[in-house]
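Worksheet: the structure to be examined is printed underneath.
The values are calculated or read from the model by the stated rules, or taken from the named source; none is laboratory data. All figures in this text were calculated on a predicted structure; none of them were measured in a lab. Heads up, the Cβs are rebuilt from the backbone with ideal geometry, glycines too, and the neighbour counts pull from every protein chain shown. Areas reflect the complete protein model, heavy atoms only, side chains present, ligands, DNA and RNA absent. Shrake-Rupley method; radii C 1.70, N 1.55, O 1.52, S 1.80 Å.
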Amino acid sequence: MNGANYIVQALQQQNISQIFGYPGGAIMPLYDALFGSQIDHLLCRHEQGAAMAAIGYARATGKVGVCIATSGPGATNLVTGLADALLDSVPIVAITGQVSSAFIGTDAFQEVDVLGLSLACTKHSFLVQSAEQLGPIIEQAFILAKSGRPGPVLIDIPKDIQLAPAIQKTLATLSTSPQPIVQSQISDALDMIQAAKKPLLYVGGGVGIANAVDELRDFINLSEIPSLCTLKGIGCIPHNAQHFMGMVGMHGSKSANHAIQECDLLIAIGVRFDDRVTGKLDEFAPHAKVIHLDVDAAEIDKLRRVDLSMTDDLKILLPALQTKTNISDWQDHVVAMKKKYVSRYDHPGKTIYAPALLRQLSKMKPEDAIVCTDVGQHQMWVAQHMFVSRPENLISSSGLGTMGFGLPAAVGAQMACPDKTVIAVSGDGSFMMNVQELGTIKRRKLPVKILLIDNQRLGMVRQWQKLFFDGRYSETILTDNPDFVTLASAFDIPGETIVTKNQIQGALTRLLECEGPYLLHVSISEEDNVWPLVPPGAANHKMIESER
């Protein structure tokens with residue numbers, strides 16, 4: 001057994017059955033070992049697509065996603081995907097080939113210092129220096145990727161080590177024991193909750209990562225504390241919960257942004273006080289004491305000083321903090337704000353209004369459908385106007401904001417969940433970033449449903465140019481876009497274009513009922529913007545809702 005065969009065996013011992021990648025010279029021994037193995041490899045059409053497909057797979061399942069690439073440009077093409085996984089705390093193991101050990105440091109063909117390059121965008125990186133290290137490093141990589149705050153781990157393996165004889169070894173399995181919670185902190189937190197007149201839950205992606213959605217919902221059902229969420233927290237709380245106000249922050253709901261400025265106790269659960277959430281930090285939740293629950297101690301007091309923090313497993317903390325409250329005046333105020341600031345969909349004219357389109361899609365899609373988005377105006381419209389039942393059912397690039405993410409992420413999610421409806425919502429700018437992954441969809445006949453919202457602009461940048469740069473539209477006009485339906489047809493993907501409201505119902509029906517992949521191209525006005533918007537440097541309650 002050589003090193004490459006051993007790697008395949010080690011992946012199988014980690015219960016890996018699906019990987020994504022693209023072959024090349026320095027990784028050829030591993031691809032040879034994969035040939036005929038029980039691991040299913042999906043050939044993506046770009047290494048960045050492979051990394052993002054692995055992210056989609058991991059986020060849809062909670063398992064570790066695995067991607068593979070060759071040395072040099074193959075490895076560098078993974079970097080954006082690794083950075084995306086790092087900022088969104090996604091467990092990924094990336095395996096790259098490297099030039100043979102004797103040639104490292106000689107500027108050999110397709111040699112790049114992948115270890116050095118990856119340090120800023122991974123949780124940990126390894127360069128394997130002998131065949132004997134393969135087993136321990138692979139084992140450690142999977143432990144690191146999954147444990148604590150998850151993240152990407154890279155293993156760089158020289159070609160000669162893939163070909164060298166390897167000793168079979170039974171690898172240990174990951175085993176962790178929960179740490180006992182500090183009862184005095186629980187008691188202090190309960191006292192703070194009981195003393196608060198306007199408590200508020202600020203819920204982030206850490207809840208889904210911790211698999212603590214049910215515990216959070218039990219906590220909310222008992223306490224009836226009003227709540228809001230981040231982009232990654234969408235799906236943790238039922239969208240129709242009486243006191244849930246939706247997303248907070250730059251494009252958050254008006255009720256959420258006002259509530260967070262009024263609360264007197266902010267219970268931050270699995271969040272990192274991101275700048276797109278807080279707005280002007282020193283005016284964020286100005287009247288509130290803060291309880292911060294997060295597995296990563298590095299997040300505590302990083303941006304907002306807190307009054308009490310606990311870095312334990314949310315599945316243990318949330319049940320321990322369950323309590324009833326007496327805050328009826330605050331609850332009534334929240335309900336009144338929700339009614340006052342409810343979204344409207346009565347857009348004038350015959351043209352398609354993207355929020356109304358997405359709300360209709362939300363009503364028509366299966367409840368367990370997985371929605372993957374790219375980045376831009378359409379991403380924020382999805383967050384504002386679509387509903388998902390669980391956090392794993394909305395997969396979006398939140399921290400890095402990677403254009404081109406949606407299509408390959410949908411590929412990974414569809415491979416993970418072949419029986420679920422997977423919808424990729426994209427904009428015309430983002431779609432062109434990884435359009436080659438239509439070839440991956442064709443290759444496996446994946447039934448991904450693509451909703452392409454086209455305003456012939458880089459919409460979010462154009463909106464900012466209109467608002468903050470005196471309408472100087474520098475390099476954001478995309479009137480030279482291709483015919484997207486014809487482009488899809490080149491990959492045997494059927495589709496259609498719609499331009500008026502009366503076409504929406506029938507087109508969405510055809511999109512969702514098509515047995516295979518389908519592209520619905522939707523033309524909208526370039527003047528449509530995402531509202532509300534918290535301007536840069538402003539406090540959350542100082543939202544604008546129209547062009548000035």
Virtual spin-label span in nm between Gln129 and Asp264, 7 Å along Cα→Cβ: 6.0 nm
Where the accessible area of the stretch 8-48 is counted over protein heavy atoms with a 1.4 Å probe, how much of it, in %, is carbon and sulfur? 48 percent
Working with all protein chains in place, sort Met433, Met310 by solvent-accessible area computed with a 1.4 Å probe, largest first. Met433, Met310
Separation of the Cys514 and Val182 label points, Cα + 7 Å toward Cβ, nm: 5.5 nm
Might you work out the accessible area of His124 for me, using a 1.4 Å probe with all protein chains in place, and round it to the nearest 10 Å²? 80 Å²
What does the accessible area per residue of the chain come to in Å², with a 1.4 Å probe and no ligands, DNA or RNA counted? 41 Å²
Sum of -39500 (n - 2.57) over DSSP H runs of 4+, divided by residues of the chain (222 nm, nearest 500): -10000 deg cm²/dmol
Taking a ≥ b ≥ c as the square roots of the Cα gyration tensor eigenvalues, with a/c under 1.5 meaning rounded and otherwise prolate when a/b beats b/c, else oblate, which class fits the stretch 27-149? rounded
Return the FRET efficiency for the residue pair Asp282, Leu222: r is the Cβ-Cβ distance, R0 is 30 Å, and the value is rounded to the nearest 0.05. 0.35
For the stretch 239-346, go through all pairs of different Cα atoms, get the mean of 1/r, take its inverse, and jot down that Kirkwood value in Å. 15.2 Å
Taking 20 Å as the cut-off for C-alpha to C-alpha distance, list the pairs among Lys338/Lys365; Lys365/Lys501; Lys365/Lys449; Lys198/Lys232; Lys254/Lys542 that go past it. Lys338/Lys365; Lys198/Lys232
Which FRET efficiency value, to the nearest 0.05, do you get for Ala120 and Asp368 by plugging their Cβ-Cβ distance into 1/(1 + (r/R0)^6) with R0 = 30 Å? 0.25
Hey, for a label at Tyr341 modelled as a point 7 Å past Cα toward Cβ, could you say which residues of the stretch 241-279 have their backbone N under 12 Å away? 245-263
Which one is right for this structure if Cα Rg over 2.2 N^0.38 Å is calculated from it: (i) 0.99; (ii) 0.95; (iii) 1.18? (i)
To the nearest 10 square angstrom, how much accessible area does Ile316 have with a 1.4 angstrom probe? 60 Å²
What FRET efficiency comes out for Ile167 versus Thr323 if R0 is 51 angstrom and r is the Cβ-Cβ distance? Round to the nearest 0.05. 0.40
Rounded to a whole %, the carbon-and-sulfur portion of the accessible area of the stretch 270-406 at a 1.4 Å probe is 48 percent
Assign one of three labels to the stretch 400-545, namely rounded, prolate or oblate, based on the Cα gyration tensor with a ≥ b ≥ c the square roots of its eigenvalues; rounded applies when a/c is under 1.5, prolate when it is not and a/b is larger than b/c, and oblate otherwise. prolate
In whole percent, and with a 1.4 Å probe on the protein chains, what portion of the accessible area of the stretch 91-230 is carbon and sulfur? 54 percent
Ratio of Rg to Rh for the stretch 414-480, alpha carbon only, Kirkwood? 1.14
Can you give the % of DSSP beta bridges in the chain that are antiparallel, to the nearest 5? 5 percent
Inter-label distance, nm, simple model (7 Å from Cα along the C-beta direction), Gln503/Glu545: 3.1 nm
Can you work out the PRE-style zone for Asp492? Point 7 Å along Cα to Cβ, and I want the residues of the stretch 428-472 with backbone N under 20 Å. 435-450
